[in-house]
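Following: one structure in C-alpha cells, then a few remarks.
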Amino acid sequence: MLQMVIDTEETAVESRLSVNVHIEAEVLSAEKARRKANVWLLMNVGNLLGTENAELIYSDSQLLWRVDVILTSPVRGKLGCVGQLWLDAISGEPLPSDNLINEFLAKADAFSAD
C-alpha cells in the first residue's frame, strides 16, 4: 500500500497544501492494453466480451490498467458490464484471480436471461 507522510511541523498555517507525486515508467498505451485484454477474454472466456474505459491505476507499488468488461450481442448490441479486468501496465498480462472467469460468465448469463 502506498503511503505518504508529511511532517505537519514544517507546513505553514496555510489552509491548503500542494503535493506532487512523480512516477516514471514506460507502460502500454490504453489501446494496446485493451487489445491484450480483448485477446485474453476471447481465449479464456468467450467471443461476446470486449473492453472499454481503460484506466491507469497505481496500486500497491505497481502500475495497472483496469478495463471494464462488456457483454455484447450481435442482435441487441451492448448488454452491460460484467466486471473489470486488471492488467500489468508494463507487460499487459492479466492479474490472476481464481474466480474471475466464473464471475464474468455468471454475470453474462444474468444479462442474457433478461
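Here, each number is a calculation from the coordinates, and none is a lab measurement. This one's a predicted model, so the numbers in the text were calculated from it and none came from an experiment. Neighbour counts run over all protein chains shown; Cβ positions are idealised from the backbone, glycine included.
Under the rule of -39500 (n - 2.57) per DSSP H run of 4 or more residues, summed and divided by the residues of the chain, what mean residue ellipticity at 222 nm is obtained, to the nearest 500 deg cm²/dmol?
Working: 2 runs with 29 residues, N = 114.
Result for the chain, helices only: -8500 deg cm²/dmol.
Where the only charges are on Cβ atoms (+1 Lys, Arg; -1 Asp, Glu), what is the dipole of the chain about its Cα centre, to the nearest 20 debye? Kindly include the intermediate steps, with their values, before the conclusion.
Numbers: 9 positive and 17 negative charges, 160 e Å.
Computed about the Cα centre, the dipole is about 760 debye.
Just name one of Pro94, Val39, Val19: the one whose Cα is farthest towards the positive end of the charge dipole of the chain (beta-carbon charges, Lys/Arg +1, Asp/Glu -1).
Final value for the positive-end residue is Val39.
Whole angstrom only: what separates the Cα centroid of segment 97-114 from the Cα centroid of segment 30-53?
Value for the Cα centre distance between the two parts: 15 Å.
Among the trypsin sites (Lys or Arg not before Pro) in segment 41-89, which ones are in a DSSP loop with at most 11 other Cβ atoms within 10 Å of the Cβ? Mind listing them?
On the way: sites: Arg66, Arg76, Lys78; in loops: Arg76.
The qualifying sites are Arg76.
What's the longest bit of the chain with no exposed GluC sites (Glu not before Pro), using DSSP loop states and at most 16 other Cβ atoms within 10 Å as the test?
Values: sites that count: Glu14, Glu24, Glu26.
That would be 27-114.
Could you give the angle, 0 to 90 degrees to the nearest 10, between helix 30-44's Cα long axis and the longest principal axis of the Cα atoms of the chain?
40 degrees
To the nearest 0.05, how large is the calculated FRET efficiency for Asn47 and Glu26 if R₀ is 41 Å and r is the Cβ-Cβ distance?
Working: r = 32 Å, r/R0 = 0.77.
Efficiency for this residue pair is about 0.85.
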